[in-house]
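Here is the structure we will look at, set down as structure tokens.
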Amino acid sequence: MKIAVLALQGAFIEHEQRLQQLGADTFEVRQLSDWQQPKDGLILPGGESTVQMRLLRGLGLYEPIREAILQGLPVFGTCAGMILLSDGYLGTMHIRVRRNAYGRQLGSFHTEGAVTGIGDRLPMTFIRAPYIDEILSSDCRALAEVDGHIVAAQQGNQLATAFHPELDPDLRLHQHFLQLIAEARS
Ligand code: GLN
């Protein structure tokens, strides 16, 4: 299994490490020629969504990535990556997000919570995180909530978390993503 990891900016190395721990191959996408390699899935990492958007457009990656996701390429977006998937950005996932939703006081925090279909007590590290304000279509479902706000969702082959699973040793979310890819391929 070969996973493309968007590596323009942000926390992409940790995703590569998690996927490699699970036995998947990864490659970094920094320009269009990287993207054109064969791949079974895509990671959109955390970082700064405004910067990532500008780079995606500038490098000519915006359209091809959007098109591939719409064609069914499995994608996992974390934090800024979740923002990229949302309405008004790539817009492939029918969610509306609130950026920097936890304000200045609580910019970063750690908690644990259940994720539907994955398990209980998953570590959740939030760093100037968004949350999902609204799910805009019935094929998209909430997978986790923290303090009454949706922090994880899935829509077909698209998985998104407001937190950073790659920063904790728990591999269950990445495992779930690889499983999703395996199902998509069969
Ligand atoms: N605050 C960032 C944004 O709005 C997201 C932070 C993160 O990815 N850790 O894009």
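If the condition is being more than 20 Å from THR125 (Cβ to Cβ), of a type in the set (Asp, Glu) and touching a residue at least 60 places away in the same chain (Cβ under 8 Å), then the range 1-50 contributes only ASP40.
Within the range 1-15, being surrounded by fewer than 19 Cβ atoms within 10 Å (Cβ to Cβ) and of a type in the set (Val, Ile, Thr) holds for one residue alone: ILE13. Give me the residue from the range 61-71 that is under 19 Å from LEU180 (Cα atoms) and surrounded by 20 or more Cβ atoms within 10 Å (Cβ to Cβ) and, out of that set, farthest from the ligand (Cβ to nearest atom). Restricting to residues being under 19 Å from LEU180 (Cα atoms) and surrounded by 20 or more Cβ atoms within 10 Å (Cβ to Cβ), the top hit is ILE69. Determine whether the range 92-102 contains at least one residue that is within 16 Å of the ligand (Cβ to nearest atom) and without any contact (Cβ under 8 Å) to a residue 12 or more places away in the chain. Looking through the range 92-102, none of the residues is within 16 Å of the ligand (Cβ to nearest atom) and without any contact (Cβ under 8 Å) to a residue 12 or more places away in the chain. If you filter the range 16-60 down to residues that are polar (S, T, N, Q) and within 16 Å of the ligand (Cβ to nearest atom), you find that the one that is surrounded by the fewest Cβ atoms within 10 Å (Cβ to Cβ) is THR50.
Under the condition of being under 23 Å from ILE181 (Cβ atoms) and surrounded by 14 or more Cβ atoms within 10 Å (Cβ to Cβ), the residues counted in the range 72-113 number 21. Figure legend. Inter-residue proximity from the range 72-84: first residues more than 13 Å from the ligand (Cβ to nearest atom), second residues among the basic types (Lys, Arg), beta-carbon distance below 8 Å, spacing 6+ or different chains. Indicated pairs: LEU73/LYS39. Scanning the range 96-140 for residues that are among the aliphatic types (A, V, I, L, M), more than 17 Å from GLY46 (Cα to Cα) and assigned to a strand (DSSP E or B) gives ALA114, VAL115, LEU122, ILE135.
Values quoted throughout were computed directly from the atomic coordinates according to the rules given, and no laboratory measurement underlies them. Values in this document were obtained by computation on a predicted structure and should not be read as measured data. As a convention, Cβ positions derive from the backbone with ideal geometry for all residues, glycine included, and neighbour counts pool all protein chains shown.
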